[in-house]
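In what follows, a structure is listed as structure tokens, so that the remarks can point back to it.
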Amino acid sequence: MQENMLLFQHKMRQILPKSAVVTDPLRRLAWGTDAGFYRLVPETVLFPEKEEEVTEILKSACELGLPLTFRAAGTSLSGQAISDSILVVVAHKWDGYRLIDGGEQIALQPGITGKRVNEVLRALGRRFAPDPASMDSSMIGGIIMNNASGMSCGIHANSDKVLVSARIILADGTLLDTGDPDSRRAFEVSHPHILDGIKQLRAEVLANEELKQRILFKYRIKNVTGLNLLPLVAFEDPFEIMAHLLVGSEGILAFLSEAIMTTEVDMPHKASAMVYLSSIEEACRAVQCLKQGPVAAVELLDRKALKSVEDRAGMPAYLKTLPEGATALLIETKAMEEEVLQRQIEVLNQILEPFDKVEPYAFSANADEYKGWWAIRSGIFPSVGGMRPPGSTCLIEDVAFHMEHLPQATAELQAMIERYGYHDGVIYGHALEGNFHFILNQSFDTPEEVFRYEALMEEVVALVVDKYDGSLKAEHGTGRNMAPYVLREWGGQAFAAMKQIKELFDPKNILNPGVIFNQDPLCHIKYIKPLPLTDPHVDKCIECGFCEINCLTSGFSLSSRQRIVMQREITRLSQSGEDPEGLKELKRLYRYWGDATCAGDGLCATSCPMEINTGQLAHHIREANNPPGSIGWRAGQSVAKHFSGVKSVLRLALTGAGMAHSVIGDSGVRTVGNMIHAFGLPLWTPSLPKSYKKKTKSAPIPDDQSPAVVYFPSCINQTMGIEKKSPYPTPLADKMEGLLHKAGYRVIYPKGMEKMCCGTIWESKGMPDIADCKTAELEAALWEASEDGRFPVLCDQSPCLYRMRQKISSMKLYEPVEFIETFLVNRLRFHTTDTPVAVHTTCTMTKMQLAPMLLKLASRCSTQVLVPQEVGCCGFAGDRGFSYPEMNTYALRKLRPQLEAAQIKTGYSNSRTCEIGLSTNGNIPYVSIVYLVDACTVPM
Ligand SMILES: Cc1cc2nc3c(=O)[nH]c(=O)nc-3n(C[C@H](O)[C@H](O)[C@H](O)COP(=O)(O)OP(=O)(O)OC[C@H]3O[C@@H](n4cnc5c(N)ncnc54)[C@H](O)[C@@H]3O)c2cc1C
């Protein structure tokens with residue numbers, strides 16, 4: 001490593017917290033990945049939290065001449081969010097926002113996701129206009145810096161159009177807020193040369209009619225190739241020009257610390273139609289006419305795109321019978337009023353009338369119906385990517401043509417993809433803007449394949465640029481991927497203007513060099529990331545990063561995407577024998593950063609286009625580390641065999657802890673707990689429950705005519721009672737029994753309950769065989785107790801019930817929320833209180849789609865139910881929260897302020913261990929929802 005980098009790292013350790021400076025090989029490599037198909041491994045990864053820290057980072061990098069790249073969500077596709085020098089991650093800790101003028105404008109930090117912005121605005125009937133398909137995951141910094149767009153924002157409402165002002169830090173560390181008069185004045189004094197340079201460049205452009213017209217022509221359609229030149233023509237004020245030059249600059253001009261953007265009204269009345277036309281040219285001709293009509297979006301799906309989804313669940317049968325060449329247009333129209341919407345539909349029907357359609361169609365304002373059509377659209381990418389040959393990369397290209405060329409150019413593009421042998425290559429995209437994506441499943445592991453891609457790209461450039469003067473990148477950014485072609489697309493004069501801008505902002509070229517401008521004509525086929533097969537469960541991963549919003553350790557240890565990246569590298573090094581020492585070190589580091597801190601909850605699968613559950617990878621790795629016969633496995637086996645004895649020991653420990661808690665109090669428990677945890681023992685917190693043992697015959701049993709339920713209190717609820725601060729004195733299993741009796745239910749307990757377990761404990765530790773034996777034992781007991789499945793079975797812990805459902809199909813199994821909503825609500829009278837309560841949806845409830853039911857049930861009990869925002873998996877992960885409480889603390893970092901703001905005194909959930917973590921980090925007791933229902937009901 002060069003001396004300057006070592007010096008830089010030393011300086012960074014002085015100005016940033018220890019955890020914010022990452023130099024170990026595992027995490028450097030993990031952060032070397034974005035969604036594109038390139039890989040660069042940074043020497044240093046930094047996680048600043050404040051502007052002052054970014055200023056210091058920039059000053060030091062500038063002084064030492066070290067290149068630096070900013071990173072938001074890392075979902076970029078063109079190789080622009082990676083670095084082999086310094087990577088500065090400005091994501092999770094930069095997610096603030098401020099509403100201005102009742103939400104007409106919004107000030108946004110760069111790390112807030114588009115999804116979150118829209119959640120905030122939805123309550124105000126507004127939305128954020130830029131709408132990339134990656135909106136749920138991508139962050140404002142990346143959206144603005146790529147000038148990302150999607151189906152509806154086109155060029156009329158992209159970041160360039162909705163940006164009001166920007167707060168930026170230049171390469172020399174200077175802060176400028178273009179919306180703040182004081183900041184402008186200070187900048188005029190400190191940096192007159194930049195302002196003069198911009199004014200002069202603008203004057204030159206305006207004086208050069210040919211260049212001015214070229215700029216206006218290029219931005220008549222979506223274009224993100226090169227730097228954004230439009231501000232030079234569109235604005236006069238140099239500060240406005242500076243702010244807008246940042247849009248689409250891919251981090252090569254300055255750091256964006258905050259942007260103020262206008263928002264738009266979210267029109268309430270919407271209708272869509274799926275129209276099938278006879279050919280791609282015919283569809284494009286229809287688009288040319290629709291462009292003049294009242295449409296919000298027109299998406300085109302070519303025949304292969306339609307074919308790619310025809311076997312997916314829920315797809316209409318007629319997809320399979322469409323003729324060759326048939327092409328779909330998915331059209332959306334929106335209005336503020338119902339009558340206006342109907343008039344718009346009439347206009348659109350008239351426009352579509354003359355075109356050759358292969359199926360009847362009709363506009364529908366019924367969301368259930370039109371969501372199915374949009375599901376076809378959003379299913380294309382995962383379908384094509386999911387079917388790709390193992391080890392190949394799924395490339396998404398992104399070109400745009402002027403409307404007048406659309407039919408011809410699109411047909412030629414389609415023929416070209418076929419000619420190059422990409423037989424599964426599909427074309428789809430934002431036809432209304434002339435913007436198409438084509439997906440190629442490309443392997444880069446032989447020179448022939450690299451050559452095939454290179455040759456195709458040459459021909460794409462010839463078609464898009466030389467023949468039709470379109471855009472090589474319409475929304476995904478230039479990156480390294482199109483850097484060799486910027487000059488060819490724009491011509492010398494415009495290219496020179498772009499270079500001048502870069503020179504003005506970043507004279508030392510330290511900001512993301514190699515992106516947009518790159519002197520290597522082959523940079524687009526270098527540094528291609530290897531994708532070796534590592535585990536069938538994750539081999540389809542395209543490293544897009546969409547999983548990360550649901551990975552609780554993203555930004556803390558590794559994310560689910562990064563775990564896959566690391567396993568791929570470990571496999572590659574194991575197979576090649578290239579660097580045995582490096583391999584050993586990666587494996588060592590993976591133990592904590594990858595394995596120990598993976599909650600294994602599988603929520604990552606819910607936002608992964610390929611539905612990959614990285615938790616399964618974690619279980620496989622743990623299984624490989626604990627093979628049958630190993631010490632770990634034998635210990636697991638022994639616990640399984642003597643489970644009731646183990647529970648007795650646990651009860652003793654809890655009793656001891658409870659007694660000590662009474663003596664030393666909460667703060668004593670925290671101090672001692674932290675001390676013993678520092679020695680590697682599980683964390684003891686004041687939220688740890690007291691010991692408990694269920695006495696199954698204690699409660700009065702109603703008459704035998706009453707309905708029956710088999711109640712299996714999970715092993716955790718058979719062992720753990722209430723926590724010291726619980727507002728309810730009764731342990732859950734007794735409370736559940738009481739509630740069932742109140743509703744007139746007869747409760748049957750399975751025999752041998754004391755030694756039973758659903759198996760989750762072993763499954764999460766990578767011992768599936770032992771886990772399955774425990775489940776089988778439980779199934780037999782439940783089968784008998786339920787009289788061969790005659791009675792429903794209830795388990796009081798949602799994670800346990802989830803596993804039981806996965807493994808046991810012979811009986812009807814319920815967790816409390818479902819059971820109460822299905823069987824008890826009509827047997828109980830609810831009296832709703834005004835006491836505010838919080839509810840927490842466990843991961844397994846999310847996976848069983850029970851979140852709305854939990855909210856419904858809580859709302860029967862309280863008029864004020866808070867579902868804390870941005871709190872997903874609690875991170876307790878079974879018993880992992882005792883050993884790695886830092887995961888739990890990180891996952892719940894946004895909980896406590898929301899509880900305090902809403903003055904909530906008690907939270908409710910559905911999993912005892914999650915509740916321990918929630919109580920510890922939320923600073924209020926969390927208990928089962930069963931308590932709330934019991935408190936708010938009387939018998940009918
Ligand atoms: C499956 C898939 C679908 C996609 N669909 C679309 C689509 O429909 N439309 C579209 O436009 N894009 C799409 N993308 C590409 C990408 O998701 C978007 O461009 C997105 O806006 C990038 O945001 P990000 O937060 O991931 O940014 P990153 O990838 O982290 O960064 C993007 C660029 O911004 C720079 N940057 C980030 N933050 C800052 C900052 N604070 N200051 C300075 N520079 C910064 C980075 O250096 C980088 O050059 C898609 C990607 C995938 C994987």
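Quick look at the numbers
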| item | result |
| --- | --- |
| Above-threshold pairs, the threshold being 26 Å between Cα atoms, out of Lys694/Lys812; Lys812/Lys894; Lys641/Lys694; Lys59/Lys212 | Lys812/Lys894; Lys59/Lys212 |
| Whole-number accessible area per residue in Å² for the stretch 9-119, which is evaluated in the context of all protein chains at 1.4 Å | 33 |
| Solvent exposure, largest accessible area first (probe 1.4 Å, DNA, RNA and ligands not counted), of Leu6, Leu617 | Leu6, Leu617 |
| Residue among Gly111, Ile198, Gly125 farthest towards the positive dipole end of the stretch 93-199, charges placed on Cβ | Gly125 |
| Principal axis box of the chain, alpha-carbon based, largest edge first, Å | 92, 69, 58 |
| Gained length - Glu353 relative to Ala367, 0.36 nm times residue gap less alpha-carbon distance | 2.6 nm |
| Peptides 746-753, 638-645, 247-254 ordered by average Cβ neighbours within 10 Å, highest first | 247-254, 746-753, 638-645 |
| Two-site FRET efficiency, Gln500 against Lys320, from Cβ-Cβ distance with R₀ of 56 Å, rounded to 0.05 | 0.50 |
| Spacing of the two label points (7 Å from each Cα toward its C-beta) at Leu6 and Gln869, in nm | 4.8 |
| Net charge, Val486 excluded, C-beta distance under 11 Å - Lys, Arg +1, Asp, Glu -1 | +2 |
| Alpha carbon convex hull of the stretch 739-781, volume per residue in cubic angstrom | 84 |
| ³J(HN,Hα), Karplus 6.51/-1.76/1.60, whole Hz, each residue of the stretch 336-353, x for Gly, Pro | 7, 10, 4, 5, 5, 4, 4, 5, 5, 4, 4, 4, 5, 4, 5, 4, 7, 3 |
| With every protein chain in place, the chain: carbon and sulfur % of accessible area (1.4 Å) | 55 |
| Per-peptide average of other Cβ atoms within 10 Å, ordering 771-779, 64-72, 708-716 highest first | 708-716, 64-72, 771-779 |
| Net length gained if the chain between Glu784 and Thr822 were fully extended (0.36 nm per residue, minus Cα distance) | 11.4 nm |
| J(HN,Hα) series, the stretch 211-221, from Karplus relation 6.51 cos²θ - 1.76 cosθ + 1.60, nearest Hz, glycine and proline x | 5, 4, 5, 4, 4, 4, 5, 5, 8, 5, 10 |
| For Arg39, residues with placed amide H under 5 Å, excluding near neighbours | Ile528, Lys529 |
| Table column - 3J(HN,Hα) (Hz), the stretch 153-159, Karplus curve with 6.51, -1.76, 1.60, x for Gly and Pro | 6, x, 9, 8, 9, 7, 4 |
| Heavy atoms of Glu503: accessible area, 1.4 Å probe, square angstrom to 10 | 110 |
| Kirkwood estimate for the stretch 582-661, i.e. one over the average of 1/r between Cα atoms, Å | 15.6 |
| Distance between modelled label sites at Ser574 and Ala653, nm, 7 Å Cα→Cβ extension | 3.1 |
| Relative counts (whole %) of C-alpha pair distances in the stretch 327-457, using bins that are 5 Å wide | 2, 8, 15, 17, 18, 14, 10, 7, 5, 3, 1, 0 |
| The stretch 509-608 - Rg (one decimal) and Dmax (whole number), Cα, Å | 15.9, 45 |
| 0 to 90° range, to nearest 10: angle between helix 367-386 axis and the chain longest Cα axis | 80 |
| Long-range amide H partners of Thr393 with built H, under 5 Å | Gln442, Ser443, Phe444 |
| Compactness of the stretch 601-643, expressed as Rg and Dmax over alpha-carbon positions, Å | 14.3, 42 |
| Unit charges on C-beta of K, R, D, E only; dipole of the chain, Debye | 3600 |
| Farthest toward positive dipole pole in the stretch 817-894 [+1 Lys/Arg, -1 Asp/Glu at C-beta], among Gly878, Leu850, Thr833 | Thr833 |
| Ser257 long-range amide H proximity, modeled H, under 5 Å | Arg167, Ile168, Ile169 |
| Protection-proxy order for peptides 195-206, 370-381, 234-245, 552-563, each taking the mean of Cβ atoms within 10 Å per residue, highest first | 552-563, 234-245, 370-381, 195-206 |
| Computed lengthening from Arg893 to Gln288, 0.36 nm per intervening residue step minus Cα-Cα distance | 212.8 nm |
| Surrounding net charge for Met5, when Lys and Arg each add one and Asp and Glu each subtract one, Cβ distance under 14 Å | -1 |
| Cα-derived Rg over Rh, computed across the stretch 283-322 with Rh taken as Kirkwood radius | 1.09 |
| Probe 1.4 Å - accessible area at Cys598, Å² to nearest ten | 10 |
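The values are calculated or read from the model by the stated rules, or taken from the named source; none is laboratory data. The structure presented is a predicted model; accordingly, all values stated were derived computationally and were not measured. Ideal geometry is used to build each Cβ from the backbone, glycine not excepted, and the neighbour counts take in all protein chains shown. Protein only, heavy atoms only, side chains kept; ligands, DNA and RNA dropped before computing areas. Shrake-Rupley method; radii C 1.70, N 1.55, O 1.52, S 1.80 Å.
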